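**Student:** Handing you a structure now.
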Amino acid sequence: MTYSSSHSFLRRAWQTVFLALAFFVASGARAAEIEVVASFSILGDLIRQIGGERVSVHTLIGPGQDAHAYEPRPSDARLIRRAGLIVQNGLGFDDWLPRLVRASGYRGRLLVASEGIRPLEMHGENHRHARNEHIDPHAWQDVANVRGYADNIAAALIAADPGGANVYRANVARYRAALDALEADIRAAVASLPQERRRVVSSHDAFAYFARAYGMTFLAPVGTAGHSKPGARDVARLIEQLRKEKAPAVFIESIADPRLIERIRAESGAVMGGTLYSDALSPPEGPAPTYIAMMRHNLGTLMAALVAR
């Protein structure tokens, strides 16, 4: 190779490297990324929606997994130790996380995403099995609460990564607009149902916030902690109530054992309405891979069963 051709080759190589570096910097590809660990899949999605490409999100309890059956693994502690931000739901749902954070040696911020939200108090025998027997943790079932989650997450990301502040503010504004549209659709759909069609049974008592916000009644044989096992008397009482009130449909919750709800359906005469997602998103190929998709799936499933034919 001659000096001239060698020089030309080197010049082209340096140009290629320069262009690659320029693209890397301009796109922010992974250079400004912060590691965020969320306790479960719904929180993980909210963080991705607001953080976009500036965050790398890990969920300790992934899509399709039961948060009530979570057992910490050594790999979870390693994820937490190297994170720039940890996010939990709070309200007693994932109160194992602060202990895991302390044990991992993590010294950063632990954000409680539900901070500032007015919780629902729980009443009745089924609720005595919940981790926090006074508070219902499923606040995300009310879209208005998720606007608070989104604001809390955006503020925490800005504090952890000030250079991305404009990105986070733009993303949270866009996401809040999508939540507004979702909430309007839920309200319009439920308002179209007569009162007698707004009473249903689900396998897990996770929809009280939805019921309060949108004017429905959910009955369940299992309390807010989905691993609870109702007694025979509880189930018999619920079946008797359903027969008396003629509830239009019963629904299986995505992470629940369907056998109990099938027994209730068979003995009460109610229609099997389908599967609802409460505590976990579906895998990407499923019908509820994001929070908004989950809520729209649940709404569609409810309406398909409850609209009078």
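The values are calculated or read from the model by the stated rules, or taken from the named source; none is laboratory data. Everything numeric here is computed off the predicted structure, so don't read it as measured data. In this analysis, Cβ positions are derived from the backbone assuming ideal geometry, glycine residues included, and neighbour counts consider all displayed protein chains. Areas reflect the complete protein model, heavy atoms only, side chains present, ligands, DNA and RNA absent. Shrake-Rupley method; radii C 1.70, N 1.55, O 1.52, S 1.80 Å.
**Student:** I264 is checked against (1) assigned to a helix (DSSP H, G or I); (2) open to solvent by 10 Å² or more (accessible area, probe 1.4 Å); (3) modelled with pLDDT under 75 and fails just one. What number does that condition carry?
**Tutor:** (2)
**Student:** Only residues that are among the acidic types (D, E) and either without any contact (Cβ under 8 Å) to a residue 24 or more places away in the chain or not in a helix (DSSP H, G or I) (or both): list them for the range 71-90, please.
**Tutor:** E71
**Student:** Which one is least open to solvent (accessible area, probe 1.4 Å) among residues in the range 43-70 that are part of a helix (DSSP H, G or I) and more than 20 Å from R169 (Cα to Cα)?
**Tutor:** Ranking the qualifying residues of the range 43-70, first place goes to A67.
**Student:** Would you mind stating whether L111 is in a loop (DSSP other than H, G, I, E, B), modelled with pLDDT of 95 or more and surrounded by 20 or more Cβ atoms within 10 Å (Cβ to Cβ)? It would help to see each step written out before you state the result.
**Tutor:** On the way: in a loop (DSSP other than H, G, I, E, B): no; modelled with pLDDT of 95 or more: yes; surrounded by 20 or more Cβ atoms within 10 Å (Cβ to Cβ): yes.
No: the conditions fail for L111.
**Student:** Next question. Please enumerate the residues belonging to the range 274-298 that are part of a loop (DSSP other than H, G, I, E, B), surrounded by fewer than 24 Cβ atoms within 10 Å (Cβ to Cβ) and under 11 Å from the mean Cα position of the chain (by Cα).
**Tutor:** A280, S282, P289, T290
**Student:** Report whether or not R102 is outside any strand (DSSP E or B) and over 26 Å from S282 (Cα atoms).
**Tutor:** When the stated conditions are applied, R102 passes them.
**Student:** Tell me the residue from R259, R233 that is open to solvent by 40 Å² or more (accessible area, probe 1.4 Å), modelled with pLDDT under 85, within 28 Å of the chain's Cα centre (by Cα) and charged (D, E, K, R), please.
**Tutor:** R259
**Student:** Follow-up question, since we're still on this one. Can you say whether A159 is outside any strand (DSSP E or B) and open to solvent by 40 Å² or more (accessible area, probe 1.4 Å), as far as the supplied structure shows?
**Tutor:** Values: outside any strand (DSSP E or B): yes; open to solvent by 40 Å² or more (accessible area, probe 1.4 Å): yes.
When the stated conditions are applied, A159 passes them.
**Student:** Now, a different point. For the range 120-155, enumerate the residues that are at pLDDT below 95 and open to solvent by 50 Å² or more (accessible area, probe 1.4 Å).
**Tutor:** Scanning the range 120-155 gives E121, H123, G124, E125, R128, H129, R131, N132, E133, H134.
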